[in-house]
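S.K.: This is the structure I want to talk about, given as structure tokens.
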Amino acid sequence: IRKIERRTEVNTARRSRVRTFVRKLEEALAKGDAAAAKLAFTAAESELMRAVSKGVLHKNTGSRKVSRLAARVKKLSAA
């Protein structure tokens, strides 16, 4: 029970970190700042993949999120 409690804490922290990085990217996209969005995307991508490697997110979920964010960054850069 103690072990599960500790893992839950760690996983919650990791999930929160992922959401923070994704939120920063969302804010950059909302502002329309392509340069900031690219930097934020790089950070968010690595954080998402790190969560996948740690078992917080499923591999396909991480890939799907990265793919969708990349498409939005690309769309903003092209505009």
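S.K.: Report the trypsin sites (Lys or Arg not before Pro) located in the stretch 1-62 that are in a DSSP loop and have at most 12 other Cβ atoms inside 10 Å of their Cβ, or state none.
M.R.: Of the trypsin sites (Lys or Arg not before Pro), the ones in loops of the stretch 1-62 whose Cβ has at most 12 other Cβ atoms within 10 Å are Lys54.
S.K.: What accessible area per residue, rounded to a whole number of Å², is obtained for the chain using a probe radius of 1.4 Å?
M.R.: I get 73 Å² per residue for the chain.
S.K.: What are the equivalent ellipsoid semi-axes of the chain, built from the alpha-carbon gyration tensor (square roots of five times its eigenvalues), in whole angstrom, biggest first? Don't skip to the end; give the middle numbers.
M.R.: Working: eigenvalues 159, 30, 11 Å².
Ellipsoid semi-axes (Å, largest first): 28, 12, 7.
S.K.: Within the chain, what whole-number % of the accessible surface is contributed by carbon and sulfur, with the 1.4 Å probe and all protein chains included in the calculation?
M.R.: Working: 3060 of 5740 Å².
Looking at the chain in its full context, I get 53 percent from C and S.
S.K.: Related question: Which aspartates and glutamates have a Cα less than 20 Å from the Cα of Lys24, not counting those fewer than 8 places away in the same chain?
M.R.: Within the straight-line cut-off, Lys24 pairs with Asp33, Glu45, Glu47.
S.K.: Mind checking which lysines have their C-alpha under 18 Å from Lys3, skipping anything on the same chain fewer than 8 residues away?
M.R.: Lys54
S.K.: Tell me which of Ala36, Thr61, Ala71 sits at the most positive position along the dipole axis of the stretch 19-79, charges placed on C-beta atoms (Lys, Arg +1; Asp, Glu -1).
M.R.: Highest projection toward the positive end goes to Thr61.
S.K.: With everything on Cα atoms, drop me the angle between helix 2-31 and the longest principal axis of the chain, reported from 0 to 90° to the nearest 10.
M.R.: Helix 2-31 and the main axis of the chain meet at about 10 degrees.
S.K.: Quote the accessible area belonging to Lys65 in square angstrom, nearest 10, computed with a 1.4 Å probe and with ligands, DNA and RNA left uncounted.
M.R.: Roughly 90 Å² of Lys65 is accessible to a 1.4 Å probe.
S.K.: Can you compute the charge dipole magnitude of the chain about its Cα centre, using +1 on each Lys and Arg Cβ and -1 on each Asp and Glu Cβ, nothing else charged? Give it in debye, rounded to the nearest 20. Walk me through the numbers on the way to the answer.
M.R.: Working: 21 positive and 7 negative charges, 68 e Å.
Here the chain has a charge dipole of around 320 debye.
The values are calculated or read from the model by the stated rules, or taken from the named source; none is laboratory data. Just so it is clear, the model here is predicted, and its values are computed rather than measured. Every residue, glycine among them, receives a Cβ derived from its backbone with ideal geometry; neighbour counts consider all protein chains shown. Just the protein is used for accessible areas: all its heavy atoms, side chains included, with ligands, DNA and RNA removed. Shrake-Rupley method; radii C 1.70, N 1.55, O 1.52, S 1.80 Å.
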